[in-house]
Structures are given as C-alpha cells and as structure tokens.
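Here is the structure we will look at.
Since every read-out is calculated from the coordinates, none of them should be taken as a lab result. The structure displayed is predicted, hence computed values, not measured ones. Cβ placement follows ideal geometry from the backbone for every residue including glycine, while neighbour counts extend to all protein chains displayed.
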Amino acid sequence: MRARMATNVLAPSESTPLTGRIHSLESGGMVDGPGIRFVVFTQGCPLRCLYCHNPDTQALRDGREISVDALMSEITKYRSYMKFTGGGVTLTGGEPLIQRDFTREVFRRCQELGIHTTLDTSGFAHQSVAADVVQHVDLVMLCIKAFDPDTHTRLTGVPREPSLRFAEYLNSINKKTWIRFVLVPGVTDSAANVEGLAQFLAPMTNIEKVEILPFHKMGEYKWERMGFNYELKDTPSPSVAQVQEVVETFRKYNLTVDV
Ligand code: SF4
C-alpha cells in the first residue's frame, strides 16, 4: 500500500526544539531556483514517480533528524554568496510539504534574515498545508507530473487533483511560480496530455515560465541498489525534435518556456 501523506508530521512545541528529517544538504545548487542556492533535500514523499531520481528520499523514516536551529546555522554560513548571486535557499525532496511545520519554520526564519526562499514541490497537499507554508515562500517550483488523470496515476501512484488545485491556489494569491514538466517518451508525451496542461496553465498570470525537463535515467542505479524494479529502463530520452514540439505547444499558449 502506498504511503498516505501526513499533513502535520512534526508539530512545534515550546519545550522541544522543532526538528525535521532530511536526506542531504547541498551548498552550491545551480538548478533549483535563481542564483546559487543552498539546497535542503527533505526526507519523505507521498508519490512514487516511475522516474524518481531520488528514491532514497521517499521513506520518511530514513535520512537524519536535524533541528531548525542547526539547519539555520548551516544556512547562514552561506548567506553572503547567496546574496551576491541572487540565490537563496531551496527546499526540495522528497516532498517538503510532508513536513509542514519544519518546512514553514525554515522558510520563515530565512525570510526574517532576508534570504530568498524557493519551494520545490509536486503540490500534492491539502490547501491548508499549502497556505501555511507558501506564505513564507518567494518562489514555488511546481512539478506537474501529468495532466491526463490516468497518466498521472500510473506515473506517480496518486491522483492529479491536489496538484492542479495547488496550481490554482498559487494563481489565486499571485505567487510567483515556475512550472516543471518531465517529458517522458511513451508516458507524458501524448498531444492530449501536453496540450491539456498548456491549456490549463495558459490563463494563470503568476507563472513566470515552464521548464521542460527531458527524461533521463540518472537515478536508475539507485533503484537497482535499493532492489526496486525500474520500469522505465527501456524508455529512451526524448529526441531534440520531440522536446521542440512540446516547447512549441506551450508557446502556442503564450507561456514562456525553458529547456
Ligand atoms: S515527487 Fe519527486 S521525490 Fe517524490 S517520488 Fe516523485 S520524483 Fe521522487
């Protein structure tokens, strides 16, 4: 049975310092938001994406525990380069929203220090969780796995609706958002899936750009190491022409696209 998402996994208390579970930290991230970023890979994810690059972040019980105070001490060591490069702090995963209180508190403390905050998420969360965390987020990178409902469920093990509602919520509060879409030949590349997503996003005025991420198998070795069956082992990366076709579909709806 798939893990269900916990919305209040770690609650703050006055006597116990707030902690969260993380997989790892990276101090020079270049692809997880603007500038050079301090990236926190949180532990735990309710999705089971067939192409997951970090399957070792999925189980919440794994990873290591860290207090918000200890994490903030690490983050503040890199404050000057973050400021100099227009960077900041990104929480990714795993799924940062699964540890709502920890994630919110890290973002809140960063903003207090004037550090730019980015949430990298699948958006699979209740709106109350989203609102609680997003109030302290400068930029959301929302990965919409698929627009077609059956494709979404097959690819991730969960329905698409929470992610789509999350996108609509971000638009309703005009939160700056980058959409991410992984192009997987034979899975997410159908015209109906791509066009449906472009149509869904087109009216949203908060979206700065759509990033098309061509599928690759960089995480495959981790699946093998963990004894999991990597179903996409025979799936190729998309060709330049396939990527271009998808780019053109999004551009047709006046969306700015990055590859
Ligand atoms: S949402 Fe991200 S971390 Fe979670 S299973 Fe999918 S790719 Fe992996």
Tell me the label-point distance for the pair residue 199, residue 233, using the 7 Å Cα-to-Cβ offset, in nm and rounded to one decimal.
3.8
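How large is Rg/Rh for segment 169-230, to two decimals, with Cα atoms and a Kirkwood Rh?
Details: Rg = 15.5 Å, Rh = 13.9 Å.
When Rh is taken as the Kirkwood radius, the ratio is 1.12.
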Gain in span if fully extended, residue 76 to residue 206, counting 0.36 nm per residue against the direct Cα distance:
43.8 nm
For the chain: lysine pairs under 22 Å (alpha-carbon distance), excluding those fewer than 8 apart on one chain
15
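Can you give the FRET efficiency to the nearest 0.05 for residue 126 and residue 241, using r as the Cβ-Cβ distance and R₀ = 30 Å? If you can, show how the numbers build up before the last one.
Working: r = 40 Å, r/R0 = 1.34.
Once the sixth-power term is evaluated, E becomes 0.15.
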Part-to-part distance (alpha-carbon centres) for segment 202-245 and segment 76-97, which is given in Å
24
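Nearest-5 percent of antiparallel DSSP beta bridges in the chain? The partial results should precede the final answer.
Values: 9 of 35 bridges.
If we restrict to bridges inside the chain, about 25 percent are antiparallel.
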Using only the alpha-carbon atoms of the chain as identical scatterers, what base-10 log of I(q)/I(0) does the Debye formula give at q = 0.10 Å⁻¹?
-0.48
With Cα atoms, 0 to 90° folded angle of helix 100-112 axis to the chain main axis:
70
About its Cα centre, what dipole magnitude does the chain give when the only charges are +1 on Lys and Arg Cβ and -1 on Asp and Glu Cβ, stated in debye to the nearest 20?
260
